[in-house]
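The values are calculated or read from the model by the stated rules, or taken from the named source; none is laboratory data. Since we're looking at a predicted model, the values are computed, not measured. Cβ placement follows ideal geometry from the backbone for every residue including glycine, while neighbour counts extend to all protein chains displayed. For the accessible areas, the whole protein counts, side chains as well, though only heavy atoms, and no ligand, DNA or RNA atoms are used. Shrake-Rupley method; radii C 1.70, N 1.55, O 1.52, S 1.80 Å.
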Amino acid sequence: LKQRLLYSLKHPINTLWGWLGSVRTAIVLIIAIVLVCLIGIYFIQAPREVLGDPVAYPAWVQQNALPHYGSLTPVYDWLQFFTVFSSWYFMLLLTLLSLSIIVSTLNRAPLIWHNFVHPVLRRPDNFYESALERGEFSHPDPLEWTQAALRKRHYRVHIAPTTVSEPDANALESSSPITYLYANKNSWATLSTFVFHAALVMLLIAGMISQWHGFDPTSPARRFLPAPIVALTDSLAGFSFDQALPDGESAVVYTRGTPHNISFRANSFTATFDPKTGLPTDYVTDLSVYQDGELVAYSNHLRVNDPLSYDGVIFHQSSLIPAVNITITDKQGFVVYNDAVALDSTETLPSGNVVDLARGIPIGGTNLTMSVLFAHNAALQIAQVPHPLIIIAIGVPGVDPKQDKVLVSLHPGEVGHSVDGDWTVHLNSANEATVLLVTKDTGAALIWPTAIILILSLCISFYFPQRRIWIRIHRSQNRVQMAALREHFTNIRTDLLSITREANS
């Protein structure tokens, strides 16, 4: 142990290389990854759209994790058990496994290449007597017939030199009583191991890129890493978020102020419901995507399985949500508020009914906020209610609701007034709004082609394995001895038996 420690201190690179290339290391890393995956299966995982959001993620933990895990929730959160597959230790394990595969492949590469370019043409004489797979027969013309039989089975046949000192390795000395042949088939398949391991590493890297969301704005890495590296990591960072859009409303993909930002607008949304069950059967959004004020992508049939993609950003049809359009004017007719409101929260009443609501909507130029509520049967959507009743309340946050400025219940198309009579509230419409899932996954473009290459390389290894036969021909006795190694995925015995049977027939 002391000698190993001294050697590790003197040769750290060699020690690290040997550790990464060890089979034991690969097994330990795979076991560790499996254990982390089991943690991810046991603990509920935060949806991708809340990751990296300093407001949405804590709210998700309070709403979903805290009821399950109680007082241990902060500990599990600190251990990143709710975001296991994007945690630093999972990424580290994948990185180490990728490096282990690369090092192991590089260690094996010279031997594999040497055996491919310079195969062993002749084995020791006792090999032909003791090989696990062997056959023997006699023939009047053993040399020519054996070569023809092997070539008929698509083997490449090489004549081995009789002695090491022979000047021409492919020349056959007529004076030699024994001739050695080497026959191989599908030798190129041995190179598929490089393709397989390269594809496996790329698949791991693609998985890591898919989970990468960029450095936090306050991360020390942004200060210490070179600017080009930070820019590269930002370009590889993905995101995912839900965006509710009432008809005619727009939103942006990146933070406002981002140069050449991408915006998208829901021109219209249509939902079809099953008349028996009341469940939606189809969502269709008419969506326009803009960049620098120009229309760059458009779809009038955006559905769950028919997304729209532009510049690496994919717009998926996710679900639907109730929305209302409200206009508020003062005594002089000036517009105080005019916008669509998506009811993005849901609460269940003791009666079993549900309330879709939105709270804390600011009223510009005032210290007031608006709340909008819609109570209905849980089996019905707002579009299925003939005359939905919408409750609108406007007041100062934290103040007794009895002092609200506005508290009205309106049907679509109706008008109400504030308590003091200064404002007029118009409920223009109440219908369904689309909810879009906006994602950017840089690794997704690598995963599918890499997976196909990985499967093809496996198929080559399984269905086209290398076959090797070493032959010793006693020309004076017209006797042929064949021998082969018992290799994985190869039943060489069938070829040996068929050649022997054909020679004896």
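In this entry, Ile27 is excluded by the filter for residues that are without any contact (Cβ under 8 Å) to a residue 40 or more places away in the chain, at negative phi, open to solvent by less than 100 Å² (accessible area, probe 1.4 Å) and not in a helix (DSSP H, G or I).
Note on the stretch 277-290: residues that are farther than 22 Å from Asn431 by Cβ and either among the hydroxyl-bearing types (Ser, Thr, Tyr) or modelled with pLDDT under 95 (or both) amount to 1. Picking from residues in the stretch 482-505 that are of a type in the set (D, E, K, R) and open to solvent by 30 Å² or more (accessible area, probe 1.4 Å), the one that is nearest to Leu458 (Cα to Cα) is Glu487.
Annotation: Pro119 fulfils all but one of (1) under 14 Å from Ile469 (Cα atoms); (2) in a helix (DSSP H, G or I); (3) in contact with a Lys or Arg (Cβ under 9 Å, 6 or more places away or on another chain); the unmet one is (2). If we keep just the residues of the stretch 271-289 that are in contact (Cβ under 8 Å) with a residue 40 or more places away in the chain and touching a Phe, Trp or Tyr at 6+ places or on another chain (Cβ under 7 Å), which is surrounded by the most Cβ atoms within 10 Å (Cβ to Cβ)? Going through the qualifying residues, I end up with Thr285. Any residue at all in the stretch 302-314 that's of a type in the set (Asp, Glu), in contact with a Gly (Cβ under 7 Å, 6 or more places away or on another chain) and either at negative phi or touching a residue at least 24 places away in the same chain (Cβ under 8 Å) (or both)? Within the stretch 302-314, not a single residue is of a type in the set (Asp, Glu), in contact with a Gly (Cβ under 7 Å, 6 or more places away or on another chain) and either at negative phi or touching a residue at least 24 places away in the same chain (Cβ under 8 Å) (or both). Selection within the stretch 222-269: residues that are modelled with pLDDT of 85 or more and at positive phi. The member of this set that is surrounded by the fewest Cβ atoms within 10 Å (Cβ to Cβ) is His260.
Restricting the search to the stretch 1-19, which residues are outside any helix (DSSP H, G or I) and under 19 Å from Val103 (Cβ atoms)? His11 - this is the single residue of the stretch 1-19 that is outside any helix (DSSP H, G or I) and under 19 Å from Val103 (Cβ atoms). So, in the stretch 163-193, of the ones that are in a loop (DSSP other than H, G, I, E, B) and open to solvent by less than 30 Å² (accessible area, probe 1.4 Å), which residue ends up modelled with the lowest pLDDT? Among them, the one singled out is Glu166. Within the stretch 357-381, residues that are at positive phi sit with their Cβ atoms under 8 Å from residues that are outside any strand (DSSP E or B), at 6+ positions apart or across chains, in these pairs: Gly360/Pro397. Residues in the stretch 121-134 that are within 50 Å of the chain's Cα centre (by Cα) and surrounded by 12 or more Cβ atoms within 10 Å (Cβ to Cβ): Leu121, Arg122, Arg123, Phe127, Ala131, Glu133, Arg134.
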